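What follows is calculated from the coordinates using simple rules that are stated; it is not laboratory data. Because the structure is predicted, anything quoted here is derived from the model rather than measured. As a convention, Cβ positions derive from the backbone with ideal geometry for all residues, glycine included, and neighbour counts pool all protein chains shown.
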Amino acid sequence: MFNKTCVVSAPGKVILHGEHAVVHGKVAVAVALNLRTFLRMTLRNDGKISIDLPNIRTKLCWETSELEPLLVAFPADQIDSQPPSPEQVEKLKEFSGVADGAAAATRSQATVAFLYLYLSIASKCGVLPSMDILVWSELPTGAGLGSSAAYSVCLAGALLSGCGVIGYPLGEGQSVARWTEVELGLINRWAFRGEQVIHGNPSGVDNAVGTWGGALRYQSGKISSLKRVPTLRILLTNTKVPRSTKILVAGVKDKLLKFPAIMEPVLTSIDAISQECEGVLEAMAEHSSGEHYAMLEELIDINQHHLDAIGVGHSSLDRVCLITASHGLHSKLTGAGGGGCAITLLRPDVAPSTVEAAIRDLEDCGFACWETDIGALGVCAHSPPSLKAEVLKAFSGI
Ligand code: PMV
């Protein structure tokens, strides 16, 4: 248990290879992105509870006595293997009073997910703890980068620790610490419930990456961590072109039904790319060489063409590929495609001036870029003084 304040962070995710193919039973590789969500929880003793989500301009405060009547729907023996029931979600939506229109959907979902996890976890310790929660994220919302999962993972870690269901890993003098494997398993299961409140029927990959970090392979609902993963530098570009995952997934299915003999081999090839990539990453964790980077670049190029072939490319993504290629860099879309985000691998020998020039050209097209790395740590606890200036600034409301 922590004294009064705890700070928890969790990473976002990108799919390295296997998007869309994974919907048809093939392998995908997802990796933790070192753009993180940070949560600060401060316990108080005046019967009040507040949640402040500056990224989505949401700030709410209740008396814990107002929440008590809701507890009937959250029995203490409710277990993490039970999905949220429609009645629970409906009750919380009504209570939160955040309008459920298109613009307010994110705010409503974030509030309901918080209330769901708070009531489910607090019901186990018999009291509704009084606390302030502030969540700030480096991740854009709705860009397919796992921002909602990072939020759910942070909430699950902080609430389980704050209610004493699991320990708090940060010892005296430590700046960062992680929970045990068993505790991480529990955090992941509750985070998945939060994701279900937000997304209905998620695959569970985003919360698994947020919890365990590094890289994960997933196939037909089975998720496993890659044993050793190198940290790779990437440039992440958000084309800001809106896309619907649902429509793009349906488009691929239509093509597969129309041209099975043509499309099935493409998906099989994407599956082989994911598996080849896994092998290269594991070899790189031992000792990385220029040859490994060249292989990763080739896999990126081949997969980008495959994703175009199955119909999920977009002219904005072509521009990202062309611009980065003009600087000697290799890119592919990540996630659903049809706009959204792209990743560009940055070899260690790429000069900072090259990256800066590529970013300038991409930003000139109206895209947003982040230079970051993948293979980042999963959920962890931080000592507040060790946080970077940007996070401290967000926490102090500046
Ligand atoms: O961009 P995202 O996180 O919505 O990625 C979707 C990935 C797909 O493979 C296209 C769909 C899925 O459910 O796996």
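FRET efficiency for N45 and T180, Cβ-Cβ distance as r, R0 = 51 Å, nearest 0.05? Walk me through the numbers before you get to the answer.
On the way: r = 29 Å, r/R0 = 0.57.
It comes out at approximately 0.95.
Per DSSP H run of n ≥ 4, the term is -39500 (n - 2.57); total these for the chain, divide by its residue number, and report the mean residue ellipticity at 222 nm rounded to 500 deg cm²/dmol. Don't jump to the answer; show the numbers that get you there.
Details: 12 runs with 168 residues, N = 398.
-13500 deg cm²/dmol, from helical runs alone.
Put simply, when 137-144, 285-292 are sorted by average Cβ atoms within 10 angstrom per residue, most first, you get 137-144, 285-292.
For F367, F259, which order do you get if you count the other beta carbons within 10 Å of each Cβ and list the fewest first?
F259, F367
The charge dipole of segment 232-374, taken about its Cα centre with unit charges on the Cβ of Lys, Arg, Asp and Glu (plus for the first two, minus for the last two), comes to roughly 780 debye.
Among the trypsin sites (Lys or Arg not before Pro) in segment 1-83, those placed in a DSSP loop whose Cβ has at most 11 other Cβ atoms within 10 Å are K4, R57.
Quickly rank 233-242, 110-119, 381-390 as a protection proxy: mean count of other C-beta atoms within 10 Å, highest first.
Details: 233-242: 20.1, 110-119: 24.5, 381-390: 13.8.
Packing order, densest peptide first, comes out as 110-119, 233-242, 381-390.
Arrange the following residues from fewest to most other Cβ atoms within 10 Å of their Cβ: F38, F74. Write out the running numbers ahead of the final one.
Working: F38 23, F74 20.
With the sparsest Cβ surroundings first, the list reads F74, F38.
Taking the Cα centre as origin and putting +1 on Lys and Arg beta-carbons and -1 on Asp and Glu beta-carbons, what dipole magnitude results for the chain, to the nearest 20 debye? Computed about the Cα centre, the dipole is about 540 debye. If R0 is taken as 45 Å, the Cβ-Cβ distance between S130 and Q82 corresponds to a FRET efficiency of 0.95.
With the simple spin-label model, which puts each label point 7 Å out from Cα in the Cβ direction, the E66 to F259 separation comes to 5.6 nm.
The ranking of L322, L39 from fewest to most other beta carbons within 10 Å of each one's beta carbon is L322, L39. At a Förster radius of 51 Å, what calculated FRET efficiency corresponds to the Cβ-Cβ distance of E356 and T5, to the nearest 0.05? My answer for the efficiency is 0.85.
Looking only at segment 55-73, which residues have a backbone nitrogen under 16 Å from a spot 7 Å from the Cα of E90 in the C-beta direction? The answer is 73. Which residues in segment 199-240 have a backbone N closer than 11 Å to a point placed 7 Å from the Cα of H305 along the Cα-to-Cβ line? No residue qualifies, since no backbone N sits under 11 Å from the label point. When +1 charges are put on Lys and Arg Cβ atoms and -1 charges on Asp and Glu Cβ atoms, the dipole computed for segment 184-243 relative to its Cα centre reaches about 200 debye. Only loop residues by DSSP count here, and only those with at most 11 other Cβ atoms within 10 Å; note down the GluC sites (Glu not before Pro) in segment 166-210 that meet that. The qualifying sites are E172. Our estimate of slack between S225 and E390, defined as 0.36 nm per intervening residue step minus the Cα-Cα distance, is 56.4 nm.
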